[in-house]
Structure formats: C-alpha cells, structure tokens
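**Student:** Submitted below is the structure of interest, expressed as structure tokens.
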Amino acid sequence: MKQIISTPHAPAAIGPYSQAVRVGDMVYLSGQIPLDPASMLLVEGFENQVRRVLDNLKAVCEAAGGSLNDLVKINVFLIDLGNFAKVNEIMATYFVAPYPARAAVGVSALPRGAQVEIEGVMFAPATGNA
C-alpha cells in the first residue's frame, strides 16, 4: 500500500507527482530543486542552491518520520560536474557516517534553470504515525 508524504516545509510539487511515497519501510523521495518553499522561487548561487535542496530533502525526510541520515541512496544531478567537489563539501555538513550510496550525473538542464537536483530513497520503518 502506498502512502503519500507531503509537507509545507518543502516546495509543493510542480507537476503530477508527490514529494515522496512510502511503501512499507521504504520512502522514495522525488527530486528536489532549490525552490524556496514559501516563495516557490529559485534561490541564487550554486552553494545556496545545494543547501536549499538538502534543506528541502530534510523536510521531506522528517515528514516521513526520518532524517537525512536514514537515506540509503541519493542521486545528484548537476548541470556542471565541475561543481562536484563543492557538493561533497556541503554534503559533509548535512550527513554523518555511514553515508548513503550516491550517484552523480551531469545533465544538460534541470527544471526552472536549477543548477542541482537531488532525489533519494530512505529506509524508515513505519511507526503508524508517519
């Protein structure tokens, strides 16, 4: 059975999808781009974009009853792979070991002109209140 996860602390979906979907103990988080959830506007500057994306993911994880440290796999999409080291640096301030598995993919464009998008899969045993 699918449970839809939604929070006002992350941007509302801008298409026909959910912020996250729980199936059993697994939560599948849709890709987050650096939209401010209050204004739905893209934040400026690459580092600010990475932080905003991670803050958005954190909000969705928390709405599902978990945290960023419960993510088991993330996929990072970058329009410039030259920013990969900066992503690592910022991620190190959000995650603690053991880190999730990760892929980083260079793409030609992202929605709304974003420079980064991150999606994830989280293990969060259902407690009946998520």
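The values are calculated or read from the model by the stated rules, or taken from the named source; none is laboratory data. Keep in mind that what you see is a predicted model, and the values were worked out from it rather than measured. Note that each Cβ is placed from the backbone with ideal geometry, even for glycine, and that neighbours are counted across all protein chains shown.
**Student:** What residue, of Ala38, Ala103, is aliphatic (A, V, I, L, M), exposed (fewer than 14 other Cβ atoms within 10 Å of the Cβ) and either in contact with a helix residue (DSSP H, G or I) (Cβ under 8 Å, 6 or more places away or on another chain) or assigned to a strand (DSSP E or B) (or both)? Step through it out loud before you land on a result.
**Tutor:** Values: Ala38 fails: either in contact with a helix residue (DSSP H, G or I) (Cβ under 8 Å, 6 or more places away or on another chain) or assigned to a strand (DSSP E or B) (or both).
Every option except Ala103 fails the conditions.
**Student:** To continue, here is another question. Going through Gly65, Gly82, Gly113 one at a time, which residue ends up being surrounded by fewer than 17 Cβ atoms within 10 Å (Cβ to Cβ) and touching a strand residue (DSSP E or B) at 6+ places or on another chain (Cβ under 9 Å)?
**Tutor:** On inspection, the qualifying residue turns out to be Gly113.
**Student:** Tell me the residue from Ser6, Ser39, Ser67, Ser30 that is touching a Phe, Trp or Tyr at 6+ places or on another chain (Cβ under 9 Å) and either over 30 Å from Gly82 (Cβ atoms) or at pLDDT 95 or above (or both), please.
**Tutor:** Working: Ser6 fails: touching a Phe, Trp or Tyr at 6+ places or on another chain (Cβ under 9 Å); Ser39 fails: touching a Phe, Trp or Tyr at 6+ places or on another chain (Cβ under 9 Å); Ser67 fails: touching a Phe, Trp or Tyr at 6+ places or on another chain (Cβ under 9 Å).
Only one candidate qualifies: Ser30.
**Student:** Read through the list (1) in a loop (DSSP other than H, G, I, E, B); (2) within 24 Å of Phe123 (Cα to Cα); (3) within 16 Å of the chain's Cα centre (by Cα), then give the number of the only condition that Asn75 fails.
**Tutor:** (1)
**Student:** Sticking with this structure for a sec: Can Pro100 be described as over 16 Å from Glu119 (Cβ atoms) and not acidic (Asp, Glu)?
**Tutor:** no
**Student:** Failed condition for Cys61, given (1) over 15 Å from Gly113 (Cβ atoms); (2) in a loop (DSSP other than H, G, I, E, B), with all others met?
**Tutor:** (2)
**Student:** Now a separate question. Being assigned to a loop (DSSP other than H, G, I, E, B) and in contact with a helix residue (DSSP H, G or I) (Cβ under 8 Å, 6 or more places away or on another chain) is the filter; apply it to the stretch 20-35 and report the residue that is surrounded by the most Cβ atoms within 10 Å (Cβ to Cβ).
**Tutor:** Pro34
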